[in-house]
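Working notes, structure below.
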Amino acid sequence: METKDQENNTPLPSLESWEDDVLQRYPEPGKTAKSKEEFRNYDSPELTGVREFYRLNHKYQTYHNVLAKKENFLKFDKKEIPWWDAMEFLNTLVDDSDPDTQLDQLQHLLQTAEAIRADGHPDWFILTGFIHDLGKVLCLFGEPQWNVVGDTFPVGCQFSDKIVYPDFFADNPDANDPAFNTKYGVYSHQCGLDNVHMSWGHDEYLYHLVKDHLPEPALYMIRYHSFYAQHRENAYDHLLSAHDKEMFKWVDKFNPYDLYSKSPVTPVVSELKPYYEDLIAKYLPATVKL
Ligand SMILES: [Fe+2]
Ligand SMILES: [Fe+2]
């Protein structure tokens, strides 16, 4: 019998391969992405890796997986360190396997935050850009890629065919469980996303790390930034409350900074560090309990 242990848990050449794939699906308006033929080169290890990644993600992101991960990681008993050190800890997540990855984790976060800052947004929005992917430290605690990155979606109800690679859900046991495979599953009409379990990953984890410290729009941006089936496709309107819908305007505002802020000009970390340390000190406790 096939078990998780026998599967390759790191099919992505790098964590960024997932984000590069998202960028192909949602190219920056006005800019042409690589042509489909060019990108959908079926021999490319990148594409094979992304497909395999989603096969595992869709097979194993079950309702019970999410409850188990919450039970484990929301104890925050792994490590307690100052926030800046946590950002540097995240940066130890280096992908040697991908020669094309130009940016490390910290560069992506700084570029996202600096783009938000350049547009004159409030400081809590800038801080949100700076920390939004910190949850990827889950990888450093041994979690497989499919439990850390990838598009997120509700579990406990029918998987939408608007989620990328929907066919792979056929292997998810919840898809054959009558408790979970109806439109509403364990939920009810417009019950509100706070009552909905999302697939496990860096978004949900970071939300719980900061939920007592940042304004509500920031929390929505953090918690739902990978929920493309909703913020790009509106596939789960039947679960969102009116308040969620209002708050998703912020998620929409955040998404382009996450996807389109990659620049060949790399911010100088040492020059920016004092500014971001001040922002952290303004909103967050001295240490983060991971
Ligand atoms: Fe992310
Ligand atoms: Fe990101």
| Any idea which of K31, K59, K70, K36 is surrounded by fewer than 16 Cβ atoms within 10 Å (Cβ to Cβ), modelled with pLDDT of 95 or more and not aromatic (F, W, Y)? | K70
| request: Return a yes/no flag: does segment 239-248 have any residue that is under 20 Å from D161 (Cα atoms) and either touching an Asp or Glu at 6+ places or on another chain (Cβ under 9 Å) or in contact (Cβ under 8 Å) with a residue 12 or more places away in the chain (or both). | output: yes
| task | Return the total of residues in segment 76-95 being in a loop (DSSP other than H, G, I, E, B) and within 20 Å of the chain's Cα centre (by Cα). | result | 6
| field | Matching residues, segment 138-155, being at positive phi and surrounded by fewer than 21 Cβ atoms within 10 Å (Cβ to Cβ) | value | G142
| request: Assess whether P173 counts as being surrounded by fewer than 17 Cβ atoms within 10 Å (Cβ to Cβ) and touching a residue at least 60 places away in the same chain (Cβ under 8 Å). | output: yes
| query | For segment 221-237, what are the residues that are in a loop (DSSP other than H, G, I, E, B) and under 10 Å from the mean Cα position of the chain (by Cα)? | reply | H225, S226, F227
| What is the number of the single condition among (1) within 14 Å of ligand 1 (Cβ to nearest atom); (2) touching a Leu at 6+ places or on another chain (Cβ under 6 Å) that L127 does not meet? | (1)
| query | Tally time: how many residues in segment 129-154 are in a helix (DSSP H, G or I) and either touching a Cys at 6+ places or on another chain (Cβ under 8 Å) or away from ligand 2 (no atom under 11 Å from the Cβ) (or both)? | reply | 8
| task | Give segment 180-207 a look and list any residue that's over 12 Å from G156 (Cα atoms) and of a type outside the set (D, E, K, R), or say none. | result | H189, Q190, C191, G192, L193, W200, G201, H202, Y205, L206, Y207
| Taking segment 256-270 only, how many residues are within 16 Å of ligand 1 (Cβ to nearest atom) and free of Cβ contacts under 8 Å to residues at least 40 places away in the same chain? | 0
| task | Return the residue satisfying two criteria in turn: it lies in segment 215-229 and is crowded, with 19+ Cβ neighbours inside 10 Å and without any contact (Cβ under 8 Å) to a residue 60 or more places away in the chain, and of such residues it is farthest from G185 (Cα to Cα). | result | L219
| query | Pairs, please: C-beta under 7 Å, at least 6 apart or cross-chain, first residue farther than 30 Å from L93 by Cβ and surrounded by fewer than 15 Cβ atoms within 10 Å (Cβ to Cβ) and in segment 181-207, second modelled with pLDDT of 95 or more and charged (D, E, K, R)? | reply | G192/D244
| Selected residue [modelled with pLDDT of 75 or more and either within 16 Å of ligand 2 (Cβ to nearest atom) or in contact with a Pro (Cβ under 7 Å, 6 or more places away or on another chain) (or both)] from E16, E7 | E16
| field | Lone qualifier among L209, L214, L240 - being more than 16 Å from ligand 2 (Cβ to nearest atom) and within 18 Å of T112 (Cβ to Cβ) | value | L214
| task | Test H208 against the stated conditions and say whether it is at pLDDT 95 or above, more than 14 Å from ligand 1 (Cβ to nearest atom) and out of contact with any helix residue (DSSP H, G or I) (no Cβ under 7 Å at 6 or more places or on another chain). | result | yes
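The values are calculated or read from the model by the stated rules, or taken from the named source; none is laboratory data. Since the structure is predicted, the reported quantities are computational estimates derived from the model, not experimental observations. Positions of Cβ are backbone-derived with ideal geometry, glycine not excepted, and every protein chain shown enters the neighbour counts.
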